[in-house]
Amino acid sequence: MPVANIRYSRTTKRAAFIGAAAAVLFFFTLSTGVGEHHFYSLLPAEERTLHALEACVREFGRSIEGRRCYHDTLLSAAKADSLVAATGAYVRMVQRNGATGLMHFIAHELGDVVFGSVGGTIEQALAACPSVAHTGCQHGAVGAYLLSQGDASVSVDYAALPALCRETSETKGAYRLCMHGLGHAFFLITKGGLHESLELCEALPVGAREKSECLTGVFMESNGGLHYLPDAAARAAAAADRLYPCRSGEFDEQSRRACYLMLPSKSGWTPERGFRACREAPHEWRETCAHGVGIGVGARWPADARRVVTECLRGEELAEQCLRGALGYIAVGESARARSEAVCALLQDREKYRACSGVGESALR
C-alpha cells in the first residue's frame with residue numbers, strides 16, 4: 001500500500017509519537033535492571049494473581065490460549081482487587097524469571113488491561129505501567145490505545161515526528177532511540193503491515209542513519225507480532241524459520257541489516273538461541289546478528305558485568321560483536337561509564353582492546 005494512502009485519526013497521529021516514547025523506554029528504563037527496582041512485599045491479592053499467572057505459564061506458555069489466560073487473569077485482578085494487584089504481581093513475576101521474551105509477551109496483555117482500567121487516557125496508562133521486561137506493558141497500552149481510535153480520517157504528519165523526537169531528547173543517543181521507537185509505533189498503526197511500516201520509516205524526512213533506527217523498531221516489533229500473519233500455516237512457517245523474515249528478497253540492504261540486528265528478539269533475547277540463529281544467517285550478516293544478541297544481553301543484565309561477559313563469550317567466534325552490542329547498550333543507560341568499565345575490567349587484554357574500543361557508542365549503530 002502506498003504511503004500516501006495510509007490515513008489515521010488526529011488522536012492516532014499523537015499516539016504514534018507516544019508509542020515511540022514508550023518503545024524508547026526499552027533502552028532506558030530497563031537499564032536500571034529488574035533486580036534494582038524496590039517493591040514492597042506481596043499483598044494477598046498480588047500473591048493470588050501471581051500464582052494464577054504462573055499456572056497460565058505452566059499450562060499454555062507463549063500461545064494464543066496463553067494470551068487469553070494472562071489477559072483474563074490480570075483483568076480479573078484489576079476488577080476484583082485493584083490495578084496495583086495486577087501490576088504488582090507482574091513485576092514480582094519478572095523479578096523471579098528475568099526480562100525474558102515470555103515476560104514481555106505477558107506484559108502486552110498487562111498493558112491492554114492497564115489502558116482499559118485508567119479511563120482510556122494513554123498518558124495515565126503509560127504512567128501506570130511498570131517499566132520492566134523491555135517495557136512490554138507500555139507497548140501493550142499503546143496498542144490498545146491505537147485500537148480504540150476506530151477509523152482514521154487524516155494523514156499522519158510524518159515530518160513532525162522526528163521534530164518531536166528531537167524536542168524531547170536531551171542527547172543524540174536519546175534522539176536516535178526515539179527514532180527506533182517510531183518503528184514500533186508504525187507496526188502497531190498498520191496492524192502488522194511489515195512492508196507498510198518500512199515504507200513509513202523510509203518516508204520520514206531524515207537521514208539514512210535515523211531511518212535505520214526506525215527500521216530496527218519495525219523489525220523488533222514484527223518479531224513478536226507473528227499473530228498478524230494471515231493464517232495458521234503462515235504463522236507456523238514463520239515461527240519455525242529462525243531467520244524469518246530476513247531472508248526476504250524484497251528488502252534493500254539497509255532493511256536487511258536492521259532485520260538481522262533485531263533477529264535475536266525473535267528468540268526472546270535468549271543468548272544461546274540467538275547465537276544459533278546467527279550461525280544460520282548468511283556469513284555477511286552473522287556479526288550484525290551477534291551485535292543484536294549483545295543488545296539483548298546488555299538490556300537484560302545491565303548491572304551484572306560478569307553475566308554480560310559470560311553470556312557473550314558463549315558465542316565464541318561471535319563474542320566480540322556480542323560484547324560490542326552489550327557495551328553499546330549499556331553506554332546509553334544509567335551509570336553508563338561505571339557499568340561499561342566493569343565489563344571491560346573482566347576481559348583479557350586482547351578482548352578488551354577489540355570490544356572496549358567502541359564503548360560509548362549507541363547500540364543501534
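Every read-out reported here was derived from the displayed coordinates using simple, explicitly stated rules and does not represent laboratory data. For clarity, every value in this text was computed on a predicted model and none was experimentally measured. Cβ: placed from backbone, ideal geometry, glycine included. Neighbour counts: every protein chain shown.
Annotations for the structure displayed:
- Near V132, the amide H atoms lying under 5 Å from its own belong to C137; only residues 5 or more places off or on other chains count, and H is placed 1.01 Å from N.
- Other residues within the sphere of radius under 12 Å centred on the Cβ of T49, judged by their own Cβ, net out at -2 (K and R +1, D and E -1).
- Region 76-84 - phi-based ³J(HN,Hα) in whole Hz, Karplus 6.51/-1.76/1.60, Gly and Pro as x: 4, 5, 5, 7, 7, 10, 6, 4, 4
- C-alpha center-to-center spacing [region 199-277, region 52-83] in angstrom: 28 Å
- Take 56-67, 213-224, 299-310 and order them by the average number of nearby Cβ atoms within 10 Å per residue, most first; the result is 213-224, 299-310, 56-67.
- Ordering of 338-346, 265-273 by burial proxy (mean other Cβ atoms within 10 Å per residue, highest first): 265-273, 338-346
- Per-residue Karplus couplings for region 294-302, computed as 6.51 cos²θ - 1.76 cosθ + 1.60 with θ equal to phi - 60°, are listed in order as x, 4, x, 5, x, 6, 7, 10, x Hz, Gly and Pro entered as x.
- Summed residue charge, Cβ within 11 Å of E109's Cβ, Lys/Arg positive, Asp/Glu negative: 0
- Net charge of neighbours whose Cβ lies under 11 Å from the Cβ of G298, counting Lys and Arg as +1 and Asp and Glu as -1: +2
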